[in-house]
Each structure stands twice: as structure tokens, then as C-alpha cells.
Amino acid sequence: MNKKVILSGIQATGNLTLGNYLGAINNWKKMQEDYDCNYMIADLHTLTIRNNPDTLRNNTLDLLALYIAAGIDPEKSNIFIQSHVAAHAELAWILNCYTYMGELSRMTQFKDKSAKHADNINSGLFTYPVLMAADILLYQADLVPVGEDQKQHVELTRNIAERFNKIYGDTFKIPEPYIQGVAARVMGLQDPTSKMSKSSTIPNDSIFLNDEPDIILKKFKKAITDSENIVRFDKEKKPGISNLISIYSAITGEGKENIEKKFDGKGYGEFKVAVAECVIEELKPMQNKYKELKDNPDYLEKIYRRGAERAKEIAIKTLKDVYEKVGLVW
Ligand code: TRP
């Protein structure tokens, strides 16, 4: 039986948060049984901002270790590093010639990032979504699990693919964005109206995957709530408590109503500790496995080399088809 194909990735920027875990990696893990999964470490995308080279190298291997520690099984899923598969950059060039400046100018992430890095609005930042389209289309992915913020990029990918197919005949599978579960958007603990972010500058706003238990507890205790002191889900009026309920629900699998009942009359103090404890328990095995893997660089190298070989085999087929169709001598 042919399984549906999945491709997703995370930028190698380090400091992954609980949001990345609940919104992405933890769902990827669940999809491994039913789909043909490709999970990539997007190191090329990371170059759109300035990085210290050693930090980038370190972050890339960290992310690989974290994927595995979180339960992405290299025997089931194909895990690879984007830059190891040259076809990504090659297809991105071709697709650049089928993407309009107008389309790219409308990308929300481009606008946000240009505002944030006003001193470095480089062309890579502008064409970032085209590289992402290449990532996806090379593998003929059916589904792309992403957070809400990346949906626009997947939609652009569909438009580029449809445009290309219309000119040259069926070449690319048209992918669907797959927006994930309850916790697709874990919000900041201090600013529950914006997404929990790796780069948040507000202290105690983000739970990092390598935070020690006492830090996690402290951050949850300080989480911003409201003055009602009733554990009740109401995203508009009670964004802080609603975010904590979502986190608790994503980890324990309990429904929101159940949670409300369970903490009826208990107040925020007790609820916050309960949320912190379930997060600590959830992260513990992953943190231990992660430390083990970081001590075993040979194993990590074996995984990424093998992943690259497998990925290349798939990617080259699509790239060759594209080269022929556009008229390159191949
Ligand atoms: N742009 C994505 C992000 O910042 C990461 C990414 C790169 C990606 N290539 C991808 C996600 C392909 C899904 C599919 O989160």
C-alpha cells in the first residue's frame, strides 16, 4: 500500500520551545506509523539571518539529536539535513523563475522579518518561501504539517506547483497544509496573545526544551493569567489560562471540559503547578535521551549521512523531470 508522503522541517536556530515540541515534533512522531515521513533540518533557511558559523553547526546537530530524542525514529522516518541534498537549492533556483515578486512581497513572514532585521533585508529573506516550496515539491509531499504561521508559505507552494504543472504537465503533487492539533499554537507565558517563540526577548515567556525542572516550574508559576481565579477556557477573555489549559490538554490528552471540572474550585496556583509538573514529566525522557545522543556524535553522523542518501534518491527524480521539462540539457 502506498502511504501518503509527509515533509516538514524546522529551522536550525537553536533553543527549541515547548511550542515547537507540542505544535510540531510531537505530532510528527505520531504520524510516523501512517505516513511516509521526511523530516528535515532547514539549515539553508537559517542563513537568511546572520549566524555565528560554529553556533549554526552546533544548532544543526542539536536539532537532529532533539528530533530523535523526541521520538522521531530514524528507522521509520527519513531524517536529513537540507543542505546535504543539493537538489533543494537547485530546484529553488528554477522555481524562483516561476514565482512573482508580488507574491513574495505579500508574505506576512517576510514583512515581519524585514521589520525585525531592517539592517539585513537580503534577497534570501525575500525568496525564503521559494526554497521552502522546493523542499516540499521535491518529495511530492501530500501533506505538510506546519504551524499556522507557515500556512501562507504552503499556499504559495501550491500556487507555484499549479502554475508549473499547467505549463509543463503534471510534475508536482499539489501539497496540503496540515495544521496540527490542540496545541498548534502554544502562546507565550508572559504574552499569551503571541506565539511562544524561540527568540522572545521577554523573560520567562518561553519554555525551552532543555530547561531544568525548577526553571520550568518557576516559569509556569509566573505565567500571566487573569483575576477571575477560575480554570475556564475562554481564549478571548482569558488567553493566559486558556493557553495553560491547551498545554495541559495536549500533554495529558484530557479534554478541556474535563480539565475545567478537575480544577473546579482549585484556583490558579494549584493549576499552574499541575501544568508545570506534566510538562516536566513529558520532557524528562526526551532530555535524558538528548544528552545521551549529544555524547554520541558518530551515531548522529551515521543517521544524517544515511538520511541524505535516501533523500537524494527521491529528490533527484523530481529535479531531473523538472530540468528536462524546462529544456535544460541533462
Ligand atoms: N519555514 C519553516 C519554519 O520556519 C521551516 C521549513 C523550511 C519548512 N522548509 C520547510 C516547514 C518545508 C515545512 C516544510 O517553520
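The values are calculated or read from the model by the stated rules, or taken from the named source; none is laboratory data. Quantities reported herein were computed from a predicted structural model and do not represent experimental measurements. All Cβ positions, even for glycine, are placed from backbone atoms using ideal geometry, and neighbour counts span all protein chains on display.
Annotation note: of 254, 309, 301, 324, the sole residue that is acidic (Asp, Glu) and within 22 Å of residue 216 (Cα to Cα) is 254. Annotation note: of 198, 218, the sole residue that is modelled with pLDDT under 95 and either surrounded by 15 or more Cβ atoms within 10 Å (Cβ to Cβ) or not assigned by TED's automatic domain parsing to the domain that holds residue 144 (or both) is 198.
Taken across segment 48-59, residues that are in contact (Cβ under 8 Å) with a residue 24 or more places away in the chain, surrounded by 18 or more Cβ atoms within 10 Å (Cβ to Cβ) and within 12 Å of the ligand (Cβ to nearest atom) do occur, with at least one present.
For segment 1-30, the tally of residues that are touching a Pro at 6+ places or on another chain (Cβ under 7 Å) and either more than 10 Å from the ligand (Cβ to nearest atom) or of a type in the set (D, E, K, R) (or both) stands at 2.
In segment 187-203 there is no residue that is in a loop (DSSP other than H, G, I, E, B), away from the ligand (no atom under 15 Å from the Cβ) and on the phi > 0 side of the Ramachandran plot.
Within segment 150-171, the set of residues being more than 14 Å from the ligand (Cβ to nearest atom) and either among the hydrophobic types (A, V, I, L, M, F, W, C) or assigned to a helix (DSSP H, G or I) (or both) comprises 159, 162, 163, 164, 165, 166, 167, 168.
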